[in-house]
Ligand SMILES: *Cc1c(COP(=O)(O)O)cnc(C)c1O
C-alpha cells in the first residue's frame with residue numbers, strides 16, 4: 001500500500017465479541033451471513049476469522065460468493081446459498097455446499113437430479129414474496145415429504161422489516177408447520193435475521209442466521225447496546241492546495257463548487273472507482289477529531305475543504321458517523337459500506 005492509500009480497518013476483536021455475545025446470549029448456534037463481501041468487511045478474512053473461533057456455518061446469496069469460501073478449503077464448515085441456484089450439480093462436487101429450496105419446483109428439480117436432502121434447507125415464505133414455499137403450498141409439500149419419507153438438513157423462514165406482532169405471528173405459524181411436517185425431519189431450524197434476533201426468541205429454532213448485527217451494523221429500531229461496530233474507512237491526506245491557485249478541483253470548475261478562494265483543499269486517494277458514490281459529495285469526513293466536507297469525488301481521488309491545521313499525512317476517516325451518513329444519503333449503512341469495493345484493502349486489526 002502507498003502511504004496515502006485508503007483502507008478498511010476491520011476490528012477483529014469487535015467481530016469476535018459480537019459473535020461470542022450473540023451465541024451466548026441467544027443460546028443458539030450462528031449461521032454467519034457473509035454475503036456482499038461480508039457486508040463490506042471482506043469475505044475471505046471474515047470467514048477465516050470466524051472459522052477459527054468455531055463458527056461452522058456461513059451463508060451467502062450467490063454461488064459465486066460460495067465458491068470464494070470453498071476455495072479457502074477450510075475444515076469443518078458448511079456454506080449455505082440463500083437464493084436458488086441453477087448449478088445444482090455443484091452440490092455433488094462439494095459436500096460443504098448446501099442450498100435453500102425456495103419452491104416446490106426447486107425441490108422437485110433437486111430430487112430429480114439426485115441431490116441429497118442432507119444438503120437442502122426448505123424455505124417457507126410467509127408473504128414477503130421474495131423466496132420460499134408459500135403457506136398455500138404446504139399441503140403439497142407435506143405430501144411429497146411423506147410419500148418419499150424425506151429428511152432434510154434444515155427448514156427456515158425469513159423475517160422481514162415487519163411489525164413485532166407480525167413477527168410473533170410468523171414465529172408461531174412456522175413452529176406449527178414444523179410440528180405438522182415432523183420436527184425430526186430437520187436437523188437445523190432457523191428463522192431469525194438480525195431484526196429477528198432482537199425482536200423474538202426464535203421458538204424451536206436451533207440457529208440464528210444473521211449478518212448486520214454480527215458486524216455491528218445495527219438497524220435503527222433494532223438496537224442492542226452490547227453490539228460493536230467493526231469497520232472504519234480510513235486513509236491519509238495526500239496533498240494540500242490553495243484554492244486561489246486553482247482553476248479546477250478535480251474535473252469540476254471551482255466556481256461550481258461551494259468554496260472560497262481563501263480555502264484550502266486536500267486531495268485524498270479514494271473515489272467512485274473504489275465504490276465511494278458521487279452521491280457522498282458534501283458529506284463530512286473527520287481529520288484530527290474535526291469535521292471537514294468532501295466537496296468533490298472523482299474516479300480515483302476526491303477533495304476535502306480543510307483549514308491550516310490539516311497537514312499532508314494526517315489521518316482522515318469517511319463515514320465516521322454512520323447515523324449522519326444514513327441521514328444524508330437516505331440509504332442504510334450496510335448499503336454504502338458494502339459498495340466499497342475490492343480496490344480498497346481490508347486490513348484486520
Ligand atoms: C441477508 C439475509 C439474512 C441476514 O440478514 P441481516 O438482517 O443482515 O441479519 C438472513 N437470511 C436471509 C435469507 C438473507 O437474505
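A short reminder: the numbers here are calculations on the coordinates, not readings from a lab. The shown structure was predicted, so the numbers you read here are calculated from the model rather than taken from an experiment. Positions of Cβ are generated from backbone atoms using ideal geometry, with glycine treated the same way; all protein chains shown enter the neighbour counts.
Numbers below:
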| read-out | value |
| --- | --- |
| Cα centroid separation - the stretch 145-221 against the stretch 65-140, whole Å | 16 Å |
| Estimated distance in nm for a label pair at residue 61 and residue 324, the labels positioned 7 Å out from Cα along Cα-to-Cβ | 2.9 nm |
| Sequence of 199, 136, 25 once ranked by neighbouring C-beta atoms within 10 Å, starting from the fewest | 136, 25, 199 |
| The chain - mean residue ellipticity at 222 nm from DSSP helices (-39,500 (n - 2.57) per run, n ≥ 4, rounded to 500) | -8000 deg cm²/dmol |
| Cα-projected label distance for residue 105 with residue 201, points at 7 Å along beta-carbon direction, nm | 4.0 nm |
| Helix 43-52 vs. the chain, principal-axis angle (Cα, 0 to 90°, nearest 10) | 60 degrees |
| Dimensionless Rg ratio for the chain, taking C-alpha atoms and the 2.2 N^0.38 Å reference | 1.16 |
| Global geometry of the stretch 12-215, whether rounded, prolate or oblate, following the gyration tensor of its Cα atoms and the 1.5 cut on a/c | oblate |
| Gap separating the Cα centres of the stretch 1-32 and the stretch 236-259, nearest whole Å | 38 Å |
| Paramagnetic reach from residue 342 (point 7 Å along Cα→Cβ, amide N under 12 Å) across the stretch 1-38 | 37 |
| Antiparallel bridges, percent of DSSP beta bridges restricted to the chain (to nearest 5) | 50 percent |
| Cα gyration tensor category, rounded, prolate or oblate, for the stretch 263-325 with a/c compared to 1.5 | oblate |
| Residue list for the stretch 251-289, given a label point 7 angstrom along the Cα-to-Cβ vector of residue 300 and an amide N cut-off under 15 Å | 251, 267-275 |
| Global form of the stretch 84-130, assessed from the alpha-carbon gyration tensor, a/c cut-off 1.5 | prolate |
| Which of 44, 65, 315 has the fewest Cβ neighbours within 10 Å, and the rest in rising order | 315, 44, 65 |
| Label-point gap, in nm, between residue 253 and residue 147 - each point 7 angstrom along Cα→Cβ | 7.3 nm |
| Between 0 and 90°, nearest 10: helix 12-26 axis offset from the chain longest Cα axis | 30 degrees |
| Modelled FRET efficiency - R0 56 Å, residue 179 with residue 3, Cβ distances, 0.05 increments | 0.35 |
| Ranked 331, 93, 34, criterion: other C-beta atoms within 10 Å, fewest first | 93, 331, 34 |
| Label zone at residue 187, where the point sits 7 Å out along the Cα-to-Cβ direction: the stretch 98-127 residues whose backbone N lies under 16 Å | 98-101, 115-122 |
| Helix 164-181 axis, angle to the chain major axis (alpha carbon atoms, nearest 10°) | 30 degrees |
